[in-house]
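Read the structure below first, then the notes.
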Number of protein chains: 2
Amino acid sequence: MKLFDGGRAPNPRRVRIFLAEKGIKIPTEQVDLGALQQRTDAYTAVNPMQRVPALLLDDGTVIAESIAICRYFEALYPEPALFGRGPLDIAFVEMWNRRAEHHLLFHVAMAFQHLHPGMKQMVDPQIPAWGEDNKPRIFAFLQFLDGELNDRDYIAGADFTVADITAMVAVDFMRPSKLTVPDRLQNVKRWHQTVAARPSASA
Amino acid sequence: MKLFDGGRAPNPRRVRIFLAEKGIKIPTEQVDLGALQQRTDAYTAVNPMQRVPALLLDDGTVIAESIAICRYFEALYPEPALFGRGPLDIAFVEMWNRRAEHHLLFHVAMAFQHLHPGMKQMVDPQIPAWGEDNKPRIFAFLQFLDGELNDRDYIAGADFTVADITAMVAVDFMRPSKLTVPDRLQNVKRWHQTVAARPSASA
C-alpha cells in the first residue's frame, strides 16, 4: 500500500491528518505539484483526474478522492469514529463536512488558484474576477460558523470529526492568499486553537 | 418529517431519485427558487446556507446537503445499498460520486449559473469567462467516463449506486445550457439510457 501525497496542498493534508487521528502509518510518495508531476503519464496512469492524493493498494487498485480514502480507512478501522455513529450523527458529519468543503475550502481554493501569481501555470486561464468573487463568501461562512460554535466544541457536534479536519485545513489554507480569520470571530478562533493543538495537525 | 424540495434543480432531484430507489415516501414542500424563496427569512431559518433540499425532522432538527440526507436514509434503511458494501466498495462509491460531483455536476452547474440569462438575478455577478472555462471540462470528463464504462454497467461498478444518480442528474442538467453528450461516446449513451429507464428517474 502506498499513498501518493502532495506536500502543502490542502487535500493531501486532510488525508494525512485523518490517518494520524486513526494512528495509521503507510508509506508515501511525494508528487511534486509545483513541477506539475501530477500531469505526467506515470501519475495520470494512477489517477486520470491528475489530482492528489491517491491510495495505491497492493493489488494495483487505486482509490482517489481524499474523502474516499478516508472512508476506506474508517471502514477498515472504525475507531476512533471520524464520520459519526448512528443515522443522525452520520448525517450531521456529512452535512458539516460538505458545508466546510462547499462553503469554505472551495472558496479558499478558488481565491488561491485564480489570484495567486504562483498558480499561473497550473490554472490556465486564471480568472481574477472569479477569484475575487469567492473572497466575501469565505468571510460570510466564517461568520455563520462563529454563531454555530457558540454552543458546541467541534464543527459537527460534541466530537472531533472529519468536518473539523476539512475546516481546519481550509482555514490554514487562507494564509497563502493573505486572508485571516477576523479577530471578532472568537468562537472560530477558539475552535481553531483547539484543533490546531492536536498532534495530528502537524501531519 | 418534511423534505424542502426545489423542482427541477439538480440537487433536489438527486434526493428524490434516491428516495424512489429506496421506496421511501415523505411529505414535501416546494421552495420556489425562481422567486428566490430560498433566501426568505422563513427558509433561511431552516437552512442558513439558503440551499435546497433540506430535511426537517419531527423534533425540528434539520439535515441539509443532498448527500447528507441520502446517507441519513441509507443508515435508517440499508437496503438496497446505494453507498456500497464493505471497505473497498464504499471507497469506490465515494470516489465515483465525488468524481461525478467535482468533475461533471459542478462544471455543468457553473456553466449554467454563469452563462444562462435566467440566472442573472440568482448569480450576481455572473462571470461569463468562468462559465465558459467549465464547458470543455464537462466533455473531457465524459470522454474519460466513456472509457471507464467500456467494461462495466454502472459508474462505480456492477451495481447501481448514488454515483449513477449524481452522474445522471448532471448529464440531464446539461440540457438548459444546450450541451449534449457527443454521439461518439457510445458507452455513456448506453449507460444513460439504462439509468434513465429506471422508474426512479422520473422522480
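Any read-out appearing in this document is the output of simple, stated calculations on the displayed coordinates, not a laboratory observation. The structure presented is a predicted model; accordingly, all values stated were derived computationally and were not measured. Don't worry about glycine lacking a Cβ; one is built from the backbone with ideal geometry, like all the others, and counts go over all protein chains shown.
Given H placed 1.01 Å from N in the peptide plane, which residues other than close sequence neighbours of A:Asp5 have an amide H under 5 Å from its amide H? When sequence neighbours closer than 5 places are left aside, the close amide H contacts are A:Glu29, A:Gln30, A:Val31. Cβ-Cβ distance of B:Leu76 and A:Thr40, R₀ of 35 Å, FRET efficiency by 1/(1 + (r/R0)^6): the value works out to about 0.20.
B:Asp124 label point (Cα plus 7 Å toward Cβ) to equivalent points in the other copies: 3.7 nm, shortest first. A Förster radius of 25 Å combined with the Cβ-Cβ distance from A:Met122 to B:Asn187 puts the calculated FRET efficiency at roughly 0.25. Quarter the surface of the alpha carbon convex hull of the range B:2-76 and you get the mean projected area, 4.7 square nanometres. In a reduced charge model with +1 at each Lys and Arg Cβ and -1 at each Asp and Glu Cβ, the protein assembly as shown shows a dipole moment near 680 debye about its Cα centre.
Beta bridges per DSSP, both residues in the protein assembly as shown: antiparallel share near 70 percent. Residues considered: B:Val169, B:Val46, B:Val123. Largest GNM mean-square fluctuation over chain B, using C-alpha springs under 10 Å, is found at B:Val123.
Under a Gaussian network description of chain A, with springs only between Cα atoms under 10 Å, the residue in A:Leu82, A:Leu105, A:Leu36 that fluctuates furthest is A:Leu36. Each of A:Met1, B:Met95 was scored by other Cβ atoms within 10 Å of its Cβ. Arranged with the fewest first, they read A:Met1, B:Met95.
The value obtained for the range A:1-158, namely the Cα convex hull volume divided by the number of residues, is 125 Å³ per residue.
The chain B residue nearest the rotation axis shared with chain A, using its Cβ and rounding the distance to whole Å, is B:Trp130, 2.
Entry note, the range A:102-166: relative contact order of 29 percent, from Cα contacts under 8 Å with a spacing of 6+ residues. In nanometers and ordered shortest first, the copy-to-copy spacing of the B:Glu148 label point, defined 7 Å from Cα toward Cβ, is 2.8.
Comparing A:Ala163, A:Ala109, A:Ala42 in a Gaussian network model of chain A where C-alpha atoms under 10 Å apart are linked, the largest mean-square fluctuation is found at A:Ala42.
Temperature 4 °C, viscosity 1.567 mPa s: under these conditions the Stokes-Einstein estimate for the range A:140-203, based on its Kirkwood radius over C-alpha pairs, is 108 µm² per second. Here chain A is assigned +1 on the Cβ of each Lys and Arg and -1 on the Cβ of each Asp and Glu. Its dipole about the Cα centre then comes out at about 480 debye.
Residue exposure proxy: A:Glu79, A:Glu74, A:Glu132, ordered by other Cβ atoms within 10 angstrom of their Cβ from fewest to most, comes out as A:Glu79, A:Glu132, A:Glu74. Counting lysine pairs in chain B whose alpha carbons fall under 18 angstrom apart, excluding pairs fewer than 8 residues apart on the same chain, gives 5.
When you have a sec, figure out the Kirkwood radius of the protein assembly as shown from all distinct Cα pair distances and drop it here in Å to one decimal?
Its Kirkwood hydrodynamic radius stands at 21.8 Å.
At a 10 Å Cβ-Cβ cut-off, how would you order B:Glu148, B:Glu21, fewest neighbours first?
Fewest-to-most Cβ neighbours within 10 Å comes out as B:Glu148, B:Glu21.
In order along the range B:115-125, phi translates into HN-Hα couplings of 10, 6, x, x, 9, 4, 6, 6, 10, 10, x Hz, rounded to whole numbers, per the Karplus curve 6.51 cos²θ - 1.76 cosθ + 1.60 with θ = phi - 60° and x for Gly and Pro.
If you model the range B:43-86 as an ellipsoid using its alpha carbon gyration tensor, with each semi-axis the square root of five times an eigenvalue, the axes come out at 24, 12, 6 Å, biggest first. Shortest first, B:Ala35 label-point distances to identical copies amount to 6.0 nm, with the label point at 7 Å from Cα along Cα→Cβ.
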